[in-house]
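Please read the structure below before turning to the comments.
The values are calculated or read from the model by the stated rules, or taken from the named source; none is laboratory data. Treat the numbers as computed from the prediction; the structure is a model and nothing was measured. Every residue, glycine as well, gets a Cβ built from its backbone with ideal geometry; the counts of neighbours run over all protein chains shown. We work out accessible area using only protein heavy atoms, side chains counted, and drop any ligands, DNA or RNA first. Shrake-Rupley method; radii C 1.70, N 1.55, O 1.52, S 1.80 Å.
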Amino acid sequence: GQWYQVWVVIDLTPEQIAYNEEQKAQQNKAQATSLLQQTDWTELPSVSNPEISNPYLSNVNEFSQYRNEVRKVAINPIAGDLIWPKMPNENWISF
């Protein structure tokens, strides 16, 4: 009258491995695309131009660097667990 839980470990076929890697790469691409969309507004010229915008975003270069790193994954997605770059905090300056 006892129950036992048993696992059977099987190797994946090369096709299954390739499929899983492609799925993970596509998930990473989707994540990168989402992160880029969340920061698209930082690319507007008026956001960082103090002659047009008050307040203005003073750390637009940090966002550009961040977006460049994320864009690499969006363009050439890779499989695996990635360590994503940290999105900068907005730094606004008023005059």
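Could you check the range 28-82 and list, in sequence order, the residues that are among the basic types (Lys, Arg) and farther than 25 Å from Ile93 by Cα?
Scanning the range 28-82 gives Lys29, Arg71, Lys72.
Since Ile75 meets every condition but one in (1) surrounded by 10 or more Cβ atoms within 10 Å (Cβ to Cβ); (2) under 23 Å from the mean Cα position of the chain (by Cα), which condition does it not meet?
Condition not satisfied by Ile75: (1).
Could you check, for the range 4-13, whether at least one of its residues is free of Cβ contacts under 8 Å to residues at least 12 places away in the same chain, part of a helix (DSSP H, G or I), among the charged types (D, E, K, R) and open to solvent by 60 Å² or more (accessible area, probe 1.4 Å)?
No - not one qualifying residue is present in the range 4-13.
Could you list all residues from the range 44-69 that are in contact (Cβ under 8 Å) with a residue 12 or more places away in the chain and in contact with a Ser or Thr (Cβ under 8 Å, 6 or more places away or on another chain)?
Within the range 44-69, Val47, Ser48, Asn54, Pro55, Tyr56, Leu57, Ser58, Val60, Phe63, Ser64, Tyr66, Arg67 meet the criteria.
In the range 32-46, is there at least one residue being at pLDDT 95 or above, buried (at least 16 other Cβ atoms within 10 Å of the Cβ) and small (Gly, Ala, Ser)?
Yes; the residues of the range 32-46 include at least one that is at pLDDT 95 or above, buried (at least 16 other Cβ atoms within 10 Å of the Cβ) and small (Gly, Ala, Ser).
Here's the yes/no breakdown for (1) part of a loop (DSSP other than H, G, I, E, B); (2) under 12 Å from the mean Cα position of the chain (by Cα):
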{"site": "Thr42", "(1), (2)": "no, no"}
{"site": "Asn61", "(1), (2)": "no, no"}
{"site": "Arg67", "(1), (2)": "no, yes"}
{"site": "Ala79", "(1), (2)": "yes, no"}
{"site": "Leu82", "(1), (2)": "yes, yes"}
